[in-house]
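> Handing you a structure now.
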Amino acid sequence: MPKLVKTKVENEGRVTEEFTWVETPKTTVWDVEEELRVVGKPIARVDGVERATGAAKYTTDIQLPRMVHGKFLRSPHPHARIVSIDASEAEQMPGVRAVLHAFNLASNRFSSTRDFFQNPVRFVGDEVAAVFADSDNLARAALKTIRVEYELLPYVLDAESAAQENAPQVTPNGNLLDGKPSTYTRGDIEKGFAQADVIVEGVFTTNAQIHSSLETHACAVDWDGKMLTVWESTQDVEGIKDRVARHLKLDKTRVRVIASYIGGAFGAKFGAGKYTLLAAQTAYQLKRPVRFVLDRRGEQIAAGQRSPTKQYLKLGAKKDGTLTALEMTHYTNVGAYATWSPFVEGPARELYACPNLQTTGYTVFTHSFPFAAFRAPGFVEGTFALESMMDELAHKLQMDPLELRMKNYSSVHPESGKPFTSNGLLDAFQEGARAIDWETKKRRKQEDGIVRRGVGMASQIWYGAGAPPAYAMIRVNHDASATVLTASQDLGTGTKTILCQIAAEELGLPFERIGVEIADTQMGPFAGASGGSMTAASVGPAVREAAADAREQLRHIAATFLKKRVKDVRIENGIAKARGVEKPLAEIFRELDNLQVVGHGSRYPNPSAYEIRTFGAQFVEVAVDVETGEIRVERVVASHDSGRILNPLTVSSQVEGGVLQGIGFALLEGRVVDASGVALNANLEAYHVPTIADAPKIETHMIDRADVLANNLGVKGVGEPPIIPTAAAIANAIYDAIGVRFYDAPITRDKVLDALERMEIGA
Amino acid sequence: MTRIVKSDERVAVELTVNGERERVYIEPTRFLAEVLRHDLALTGLKVSCGMANCGACTVLVDGMPVYSCITLALDCEGRSITTIEGLSQGNDLHPVQRAFIEHDAFQCGFCTSGQILSMTALLEKNPTPDEGELRHNMSGNLCRCGAYVKILQAGMSLSGAERGE
């Protein structure tokens, strides 16, 4: 009998409790050596044709008759009280259907920390008014006629300044999240440093990294009087459904959310935006479809970012490299409205077996740009600092940086002391070092030409366990093809493809006979948000359970047809077989006419006696031109342990994408803000995301070994790990090339030239 | 041919889109991207930056890749426009489309129509690009997911240079 279970769910290090409905598992984990037919094969995406022919419909492609278009007016000031708004001219323009602002909105509350239209506004880009009009151009023209009178207030843009006592107040509760820094201690930090033979210290900064999804945040809403349909470019259709229903006081069953194709998300597309709820209420009131698409500037300033950090690090070690103490303090600038903090201290706390450790995290409110999760939030920033510092320590100890890391490897989780379900870090070290030829390259003498090459490495720890609740159904169709149904999302990671592979494997059907319907709350059962490297390990096991359920039904049906006992019937490649007789399932189904088989499955809880983590290491070769300051990443070897690999083709794509965003974070991407809090590069011209010209050779070396304790597939997540170690590995390779350590990301050409000039290297 | 029109009056413009003659009545200030997407419902091209930085709006005008988000539709009068919808012949995909699918040269897919059209235009002009030429010619098309390694693989698989031609 199924049981109702309350279980702990971890997502990116944040733990919540969720109810889930647990059935007796119908599957056991595929063993490490298990010969699989479809799973683990480099199969091209099931929706490749749609993506390559323009047939894929994204949210921004939705066009409906009588559609109304929404646009925001944004604050030009970082902190200002709105004295008055005169929107009379806009309201009288023909074709303008609604003008909303703080003084006319019936209910202005957007979330626990912010209003739809804040007064006072708290960053350059805060929403001041919204116009809904018959065309995008008309809405834009109407915005220009709105007159706003502001009373300017003192502001603070920088986190460390905002954390000082006399800083301008950002929120009524002060400038620190939770009113105080978050602290963590283990062992005795002072004793640890006293035991150290060598101590290194560094101050690191990381700039903002902006998601810059090519599809901006967007929704389209249609209300037919009974059902409110929301198309949204989102990582969480169910979350949007809940939020919109609550906002409009509609029953959840009357809201349908669809996210068939999502043009990039990277963490910024969780939950309903202000634009979503305002579009929904306007569609509801006007009884007309409403489309609200953030423009590029809005996307770059108001839709979230990886927050800038300043990190103080101090490491102590014995002569043999054993870490004795680690102290870390960070100031993270989350803007004015954050409700949680990126876990910047995560890598320091979890990566190494350091017995004495103290971290202090200041999550600081400022009149700057809002924080949103961005692919491995906190860990990208924290690993840049920690793994650069480890490299410096290795050099000070005259130790091989790789050896230093192996020396401090933790075979159990350093905080809880629990064993890991699996830990492939040492394998990743070995595989990566072999592939890049670390032994030879690290001994290479520093070059003295114009272009100087170097090699560096860094490690990574991250979550990615997956968790309940996630449910799936398998519908076996009249022609013995099957369809996977679940309300998950495919962010471009290949979710649809791996779910089809899992279903094909378990059902015994050819891969081509499996279809999938996801990202529609009306179609599939609940599957949770796609983020935190959770999807494969959350939804995948439920799909396998559902497929096993359907397969058992198919075997019973086939047994009747073949006149054999059920236990002797197996299904292979779409054919039911039993001791000398066989019959294609399609033929059986043809005779049965309208027979319908539906299998269902759910994700059961994770084992509580273990910690589940992903691990990896990257090895990077760079070339530094000491005349121009140009840094070229020439080659990246990425070796990661994410358990069993379901599809090496799409996994290598995710690894390459993570590495490229890591290169952007390390060398190119950063927000340029002037003294008045205005972003000067809120576009894709002056904000530099990597181009194809920046792409190095990237070699993916997955430690492809099933994590048999984690779940019935043996998988762990893979979306976030590859972005984590890239920046530190690059910084370490630059040090190897020119002997200069950079503490500030991105390491742009001007910084390189300044350093070279100081060192009197180059021209 | 120079035409003088008022900015707020609609004018008839004849475009050849994917081989079909289309007549649209539009304000002369409207951009090709919007006319193709909105008036002709060809939504395969995307508008992402709106200022010719990202290449998601790439279409071919007389075989040349252009940023349709900053190209006036009026300027395309009488010219031949190819969008991603016109690249395949019925169900037969264009070789560049096939190569993108086989090599997994996309993730979210939002930039893909632009990438494919840019590569198609390059290969028409130069059937044997080397990797450097691919990088140079494709660098006007951003991919935030970072499918570049696979885009290069797709391109090299189609290049006669790779096949030794």
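The values are calculated or read from the model by the stated rules, or taken from the named source; none is laboratory data. Since the model is a prediction, treat every value here as computed from it, not as a measurement. Cβ coordinates were reconstructed from backbone atoms using ideal geometry, including for glycine residues, and neighbour counts include every protein chain displayed. Accessible surface is based on the protein model in full, side chains and every heavy atom, while ligands, DNA and RNA are left aside. Shrake-Rupley method; radii C 1.70, N 1.55, O 1.52, S 1.80 Å.
> Considering only the range A:564-591, how many residues are open to solvent by 60 Å² or more (accessible area, probe 1.4 Å), among the acidic types (Asp, Glu) and over 44 Å from the mean Cα position of the chain (by Cα)? Lay out the reasoning, then the answer.
As a first pass, look at the range A:564-591 and keep what is open to solvent by 60 Å² or more (accessible area, probe 1.4 Å): A:564-565, A:567, A:570, A:572-573, A:579-580, A:582, A:587, A:590-591.
Restricting the remaining residues to those that are among the acidic types (Asp, Glu) gives A:572, A:582, A:587, A:591.
Within this subset, residues satisfying the condition of being over 44 Å from the mean Cα position of the chain (by Cα) are A:582, A:587, A:591.
Summing the residues that are open to solvent by 60 Å² or more (accessible area, probe 1.4 Å), among the acidic types (Asp, Glu) and over 44 Å from the mean Cα position of the chain (by Cα) in the range A:564-591 gives 3.
> Let me ask something else about it. Only residues that are without any contact (Cβ under 8 Å) to a residue 40 or more places away in the chain and surrounded by 24 or more Cβ atoms within 10 Å (Cβ to Cβ): list them for the range B:108-125, please.
Selection gives B:Cys108, B:Gly109, B:Thr112, B:Ile116, B:Met119.
> What pairs come up if the first residue lies in the range A:434-447 and is in a helix (DSSP H, G or I), the second is among the acidic types (Asp, Glu) and surrounded by 16 or more Cβ atoms within 10 Å (Cβ to Cβ), and their beta carbons are under 9 Å apart, counting only those six or more places apart or on different chains?
What qualifies is A:Ala435/A:Glu699; A:Ile436/A:Glu621; A:Ile436/A:Glu699; A:Trp438/A:Asp400; A:Glu439/A:Asp400; A:Lys441/A:Glu621; A:Lys441/A:Asp736.
> Checking B:Glu27 against (1) surrounded by fewer than 19 Cβ atoms within 10 Å (Cβ to Cβ); (2) more than 10 Å from chain A (Cβ to nearest Cβ): exactly one of these is not met. Which one?
(2)
> Any residue at all in the range A:378-389 that's crowded, with 24+ Cβ neighbours inside 10 Å and on the phi > 0 side of the Ramachandran plot?
Keep residues of the range A:378-389 that are crowded, with 24+ Cβ neighbours inside 10 Å, which gives A:378-389.
Narrowing the set further to residues that are on the phi > 0 side of the Ramachandran plot leaves A:378.
Among the residues of the range A:378-389, at least one is crowded, with 24+ Cβ neighbours inside 10 Å and on the phi > 0 side of the Ramachandran plot, which makes the answer yes.
> Does the range A:259-273 hold any residues that are more than 14 Å from chain B (Cβ to nearest Cβ) and surrounded by 21 or more Cβ atoms within 10 Å (Cβ to Cβ), and which are they?
Initially, the range A:259-273 is screened for residues more than 14 Å from chain B (Cβ to nearest Cβ), giving A:270-273.
A:Ala272, A:Gly273 - these are the residues of the range A:259-273 that are more than 14 Å from chain B (Cβ to nearest Cβ) and surrounded by 21 or more Cβ atoms within 10 Å (Cβ to Cβ).
> Has the range A:27-34 got any residue that is open to solvent by 30 Å² or more (accessible area, probe 1.4 Å), outside the structural domain of A:Val516 (by TED's automatic domain parsing), modelled with pLDDT of 95 or more and over 30 Å from B:Ala147 (Cβ atoms)?
The first filter runs over the range A:27-34 and keeps only residues open to solvent by 30 Å² or more (accessible area, probe 1.4 Å), leaving A:28-29, A:31-34.
If we keep only those that are outside the structural domain of A:Val516 (by TED's automatic domain parsing) too, we end up with none.
The answer is no, given that none of the residues of the range A:27-34 is open to solvent by 30 Å² or more (accessible area, probe 1.4 Å), outside the structural domain of A:Val516 (by TED's automatic domain parsing), modelled with pLDDT of 95 or more and over 30 Å from B:Ala147 (Cβ atoms).
> In the range A:521-537, what residues are surrounded by fewer than 24 Cβ atoms within 10 Å (Cβ to Cβ) and touching a Leu at 6+ places or on another chain (Cβ under 9 Å)?
Scanning the range A:521-537 gives A:Met523, A:Gly524, A:Pro525.
> From the list A:Ile199, A:Ile240, A:Ile210, which one is of a type in the set (Val, Ile, Thr) and open to solvent by 40 Å² or more (accessible area, probe 1.4 Å)? Don't jump to the end; show me each part of the working.
Details: A:Ile240 fails: open to solvent by 40 Å² or more (accessible area, probe 1.4 Å); A:Ile210 fails: open to solvent by 40 Å² or more (accessible area, probe 1.4 Å).
Unique residue meeting the criteria: A:Ile199.
> Restricting to strands (runs of 3 or more DSSP E) lying wholly in the range A:490-601: which have 1 or more residues that are over 24 Å from A:Asp707 (Cβ atoms) and free of Cβ contacts under 8 Å to residues at least 40 places away in the same chain?
Working: elements: A:514-517, A:570-572, A:575-578, A:581-584.
Ranges flagged: A:514-517, A:575-578, A:581-584.
> Considering the range B:91-107 alone, what residues qualify as being open to solvent by 10 Å² or more (accessible area, probe 1.4 Å) and touching a Ser or Thr at 6+ places or on another chain (Cβ under 8 Å)?
Here is the first cut: in the range B:91-107, the ones open to solvent by 10 Å² or more (accessible area, probe 1.4 Å) are B:91-95, B:98, B:101-103, B:107.
B:Leu93, B:His94, B:Glu102, B:His103, B:Gln107 - these are the residues of the range B:91-107 that are open to solvent by 10 Å² or more (accessible area, probe 1.4 Å) and touching a Ser or Thr at 6+ places or on another chain (Cβ under 8 Å).
> Still on this structure: Of all residues in the range A:56-81, how many are open to solvent by 10 Å² or more (accessible area, probe 1.4 Å), away from chain B (no Cβ under 12 Å) and assigned to a strand (DSSP E or B)?
Final tally of qualifying residues: 5.
> Within the range A:440-496, track down each residue that is of a type in the set (S, T, N, Q), touching a Gly at 6+ places or on another chain (Cβ under 9 Å) and open to solvent by 10 Å² or more (accessible area, probe 1.4 Å).
Selection gives A:Gln446, A:Asn477, A:Ser481, A:Thr483, A:Thr493.
> Right, another one. Return yes when A:Arg254 is in contact with a strand residue (DSSP E or B) (Cβ under 8 Å, 6 or more places away or on another chain), open to solvent by 10 Å² or more (accessible area, probe 1.4 Å), within 14 Å of another protein chain (Cβ to nearest Cβ) and more than 26 Å from A:Ala376 (Cα to Cα) and no when it is not. Lay out the reasoning, then the answer.
On the way: in contact with a strand residue (DSSP E or B) (Cβ under 8 Å, 6 or more places away or on another chain): yes; open to solvent by 10 Å² or more (accessible area, probe 1.4 Å): yes; within 14 Å of another protein chain (Cβ to nearest Cβ): no; more than 26 Å from A:Ala376 (Cα to Cα): yes.
No: the conditions fail for A:Arg254.
> Next question. State all residues of the range A:409-433 that are of a type in the set (Gly, Ala, Ser) and assigned to a loop (DSSP other than H, G, I, E, B); if no residue qualifies, say none. Write out each step before concluding.
First, pick out the residues of the range A:409-433 that are of a type in the set (Gly, Ala, Ser): A:410-411, A:416-417, A:422, A:424, A:428, A:432-433.
Hits for the range A:409-433 are A:Ser410, A:Ser411, A:Ser416, A:Gly417, A:Ser422, A:Gly424.
> Assess whether A:Ala682 counts as being assigned to a loop (DSSP other than H, G, I, E, B) and either more than 19 Å from the chain's Cα centre (by Cα) or small (Gly, Ala, Ser) (or both). Before the answer, list the steps.
Numbers: assigned to a loop (DSSP other than H, G, I, E, B): yes; either more than 19 Å from the chain's Cα centre (by Cα) or small (Gly, Ala, Ser) (or both): yes.
In short, yes.
This table checks each residue for (1) of a type outside the set (D, E, K, R); (2) open to solvent by less than 10 Å² (accessible area, probe 1.4 Å); (3) within 8 Å of another protein chain (Cβ to nearest Cβ).
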site	(1), (2), (3)
A:Gly643	yes, yes, no
A:Gly662	yes, yes, no
A:Leu668	yes, no, no
A:Val672	yes, no, no
A:Thr691	yes, no, yes
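> Could you tell me which residue of the range B:32-46 is farthest from the other protein chains (Cβ to nearest Cβ), considering only residues that are outside any loop (DSSP other than H, G, I, E, B) and surrounded by fewer than 22 Cβ atoms within 10 Å (Cβ to Cβ)? Before the answer, list the steps.
Pass one, the range B:32-46, residues outside any loop (DSSP other than H, G, I, E, B): B:32-39.
The next check asks that each one be surrounded by fewer than 22 Cβ atoms within 10 Å (Cβ to Cβ); those that pass are B:34, B:38-39.
Working: B:Glu34: 8, B:His38: 7, B:Asp39: 10 Å.
Going through the qualifying residues, I end up with B:Asp39.
> Here is a follow-up. Return yes when A:Gly454 is small (Gly, Ala, Ser) and in a strand (DSSP E or B) and no when it is not.
Judged against the criteria, A:Gly454 is a match.
> Scanning for something free of Cβ contacts under 8 Å to residues at least 12 places away in the same chain and open to solvent by 10 Å² or more (accessible area, probe 1.4 Å), does the range A:178-187 turn up at least one residue? Before the answer, list the steps.
Of the residues in the range A:178-187, the ones free of Cβ contacts under 8 Å to residues at least 12 places away in the same chain are A:179-180.
Checking the rest, the ones that are also open to solvent by 10 Å² or more (accessible area, probe 1.4 Å) come to A:179-180.
Yes, some residue in the range A:178-187 is free of Cβ contacts under 8 Å to residues at least 12 places away in the same chain and open to solvent by 10 Å² or more (accessible area, probe 1.4 Å).
Let's see how each residue does on (1) open to solvent by 10 Å² or more (accessible area, probe 1.4 Å); (2) without any contact (Cβ under 8 Å) to a residue 40 or more places away in the chain; (3) closer than 22 Å to A:Gly304 by Cα:
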| position | (1), (2), (3) |
| --- | --- |
| A:Ser652 | yes, no, no |
| A:Ser676 | yes, no, yes |
| A:Thr700 | yes, no, no |
| A:Ile738 | no, no, no |
| A:Leu756 | no, no, no |
| A:Met759 | yes, yes, no |
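> Only one of A:Ala373, A:Ala336, A:Ala353 is assigned to a loop (DSSP other than H, G, I, E, B), at pLDDT 95 or above and open to solvent by 30 Å² or more (accessible area, probe 1.4 Å); which?
Every option except A:Ala353 fails the conditions.
> Just one of the numbered conditions (1) closer than 24 Å to B:Gln153 by Cβ; (2) part of a helix (DSSP H, G or I); (3) touching a strand residue (DSSP E or B) at 6+ places or on another chain (Cβ under 8 Å) is not true of A:Ser653; which one?
So A:Ser653 meets the others, but not (3).
> For the range A:197-223, give me the residue count where each residue is within 14 Å of chain B (Cβ to nearest Cβ) and either at negative phi or part of a strand (DSSP E or B) (or both). Spell out the reasoning first.
Start the filter on the range A:197-223 by keeping residues that are within 14 Å of chain B (Cβ to nearest Cβ), which leaves A:209-218, A:220.
Retained after the next criterion (residues that are either at negative phi or part of a strand (DSSP E or B) (or both)): A:209-211, A:213-218, A:220.
The number of residues fulfilling the criteria is 10.
Yes or no, residue by residue, for (1) surrounded by fewer than 16 Cβ atoms within 10 Å (Cβ to Cβ); (2) within 7 Å of chain A (Cβ to nearest Cβ); (3) more than 22 Å from A:Glu656 (Cα to Cα):
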{"residue": "B:Asn53", "(1), (2), (3)": "no, yes, yes"}
{"residue": "B:Pro65", "(1), (2), (3)": "no, no, yes"}
{"residue": "B:Glu85", "(1), (2), (3)": "no, yes, yes"}
{"residue": "B:Gln89", "(1), (2), (3)": "yes, no, yes"}
{"residue": "B:Pro127", "(1), (2), (3)": "yes, no, yes"}
{"residue": "B:Gly132", "(1), (2), (3)": "yes, no, no"}
{"residue": "B:Lys150", "(1), (2), (3)": "no, yes, no"}
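> Moving to a separate point now. Across the range A:39-55, which residue is farthest from the other protein chains (Cβ to nearest Cβ) among those that are closer than 16 Å to A:Thr650 by Cα and open to solvent by 10 Å² or more (accessible area, probe 1.4 Å)? Please lay out each step first, then the result.
Initially, the range A:39-55 is screened for residues closer than 16 Å to A:Thr650 by Cα, giving A:39-49, A:51-52.
The next check asks that each one be open to solvent by 10 Å² or more (accessible area, probe 1.4 Å); those that pass are A:40-46, A:49.
Numbers: A:Gly40: 16, A:Lys41: 13, A:Pro42: 8, A:Ile43: 10, A:Ala44: 5, A:Arg45: 7, A:Val46: 10, A:Val49: 7 Å.
Among residues in the range A:39-55 that are closer than 16 Å to A:Thr650 by Cα and open to solvent by 10 Å² or more (accessible area, probe 1.4 Å), the one farthest from the other protein chains (Cβ to nearest Cβ) is A:Gly40.
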